[in-house]
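Peer 1: My questions all concern the structure below.
Read-outs throughout are calculated quantities, based only on the coordinates presented, and are distinct from any laboratory measurement. Note that this is a predicted model, so its numbers are computed, not measured. Every residue, glycine as well, gets a Cβ built from its backbone with ideal geometry; the counts of neighbours run over all protein chains shown.
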Amino acid sequence: MSTEFESLLETIAGLAAANIVMIETLHEHGVVDKTHFAHAFGRALDTLAPEHRGGMIELTLRNLRDRCMNLPAGGAPSDAQEWLRSLTGSR
C-alpha cells in the first residue's frame with residue numbers, strides 16, 4: 001500500500017474516531033442522547049445517493065450509527081474494515 005493511501009486511511013479513521021469520542025463524551029455528561037446521532041446517521045444512510053452506496057461513505061455511516069446504538073464492536077470486523085481489506089486485497 002502506498003504511503004499516501006495509508007495516510008489518507010489513517011486520516012479518515014481518525015476523523016470517524018473523533019466523532020465517536022465527541023458523541024460518547026457529550027452523552028456521558030448528559031448533554032446529548034447518542035441515540036439521536038444514531039438516528040441521524042440512519043437517515044443519512046436512507047438518503048445516500050446511489051453512487052455512494054457500497055463504498056467507504058456508506059460503511060463509515062453504518063459504523064458510526066452502530067457505535068451510537070452500542071452494537072458490539074470487536075467481534076466481527078466492521079463493514080468499513082472489510083471494505084478496506086477487499087480494496088487492498090489483504091486478509
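Peer 1: Using a cut-off of 13 Å between beta-carbons, work out the net charge of the residues near Leu48 (Lys and Arg +1, Asp and Glu -1, Leu48 not included). Before the final figure, lay out each step's value.
Peer 2: Values: positive: Arg43, Arg53, Arg62, Arg65; negative: Asp46, Glu51, Glu58.
Residues close to Leu48 contribute a combined charge of +1.
Peer 1: Could you sort the peptides 38-46, 62-70 by per-residue average Cβ neighbour count (10 Å cutoff), highest mean leading?
Peer 2: In descending order of packing, they fall as 62-70, 38-46.
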